[in-house]
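First the structure, in the form of structure tokens, and then the observations on it.
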Amino acid sequence: LVDEKYRAWHAGVSFWNNLRDINSYSIGIELDHSLHKSNNNFTNNMMQSLETLLAYLIKKYSIKKYDILGHSDVAPLRKIDPGPNFPWHSLSESNLAFIPNKKLFKKISIIKQWFKKNKFSSRKNIALFILFFIGYDISTACKNTVIFKKLIICYQSHYLQKNITGKIDTITVNFLILHFFNLVLTKNKIELRK
């Protein structure tokens, strides 16, 4: 609807990775999907078109895979799209989005020890630290349990679609730690030795 060289108001009030004006730093892609109406499937044609467009934009603008986001990532208190049925794993398999590498699960004990050593006293504190590191706005979630739950649901809708509970259960905290570990390695270009 808007040429990519122009600023659009696709994200509205939003935040990612310490940026508060996501509209000026991003390109919004809208998919015609509504969970409770007749257009309630992410069709093959829709996903193929999206993959073609993403491949083009990633190459043209040198976009990092972990910066391919949903509206619910940048505005979790207002947006729920693309929702829990969006095929993030398919985009990840096509190298067009980031999903943490599960092969590193056996190494997360290193990060767990670091959290323990640095006196992170609760799962919530660990989650808030990691969510902020990933890029989420945690400013209002620190003291408000309703907002914190919404933030967790948005995270789970993107990364843990089979475990959308709004809770920091063992599955979620372990996956957050895995996510953190993946990003630390990716952002710092460190490789793990086998």
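A few comments on the model shown:
- Scanning segment 168-183 for residues that are of a type in the set (Ser, Thr, Tyr) and touching a Phe, Trp or Tyr at 6+ places or on another chain (Cβ under 9 Å) yields a single hit, THR172.
- Among the conditions (1) touching a residue at least 40 places away in the same chain (Cβ under 8 Å); (2) of a type in the set (Val, Ile, Thr); (3) over 20 Å from GLY70 (Cα atoms), VAL146 misses just one, which is (1).
- Residues located in segment 161-172, provided they are within 23 Å of LYS79 (Cα to Cα) and assigned to a helix (DSSP H, G or I): THR172
- Looking only at segment 136-160, residues that are of a type in the set (D, E, K, R) and assigned to a loop (DSSP other than H, G, I, E, B) come to 2 in all.
- In segment 99-142, the qualifying residues are those that are free of Cβ contacts under 8 Å to residues at least 40 places away in the same chain and in contact with a helix residue (DSSP H, G or I) (Cβ under 7 Å, 6 or more places away or on another chain), and the one that is least open to solvent (accessible area, probe 1.4 Å) is ALA141.
- Residues of segment 54-96 satisfying the condition of being among the aromatic types (Phe, Trp, Tyr) and either under 14 Å from ILE29 (Cα atoms) or touching a Gly at 6+ places or on another chain (Cβ under 6 Å) (or both): TYR56, PHE86
- Pick from segment 1-38, criterion surrounded by fewer than 13 Cβ atoms within 10 Å (Cβ to Cβ) and among the polar types (S, T, N, Q), ranking: nearest to PHE98 (Cα to Cα): ASN18
- Count - residues of segment 39-57 that are outside any loop (DSSP other than H, G, I, E, B) and surrounded by 12 or more Cβ atoms within 10 Å (Cβ to Cβ): 9
- Unique residue being basic (Lys, Arg), modelled with pLDDT under 90 and assigned to a helix (DSSP H, G or I) when the list is LYS60, LYS106, LYS79: LYS106
The values are calculated or read from the model by the stated rules, or taken from the named source; none is laboratory data. Note that the structure is predicted; figures quoted are calculated from it, not measured. Here the Cβ is made from the backbone with ideal geometry for all residues, glycine too, and neighbour counts use every protein chain on show. Just so you know, the surface numbers come from the protein's heavy atoms only, side chains and all, with ligands and any DNA or RNA stripped out. Shrake-Rupley method; radii C 1.70, N 1.55, O 1.52, S 1.80 Å.
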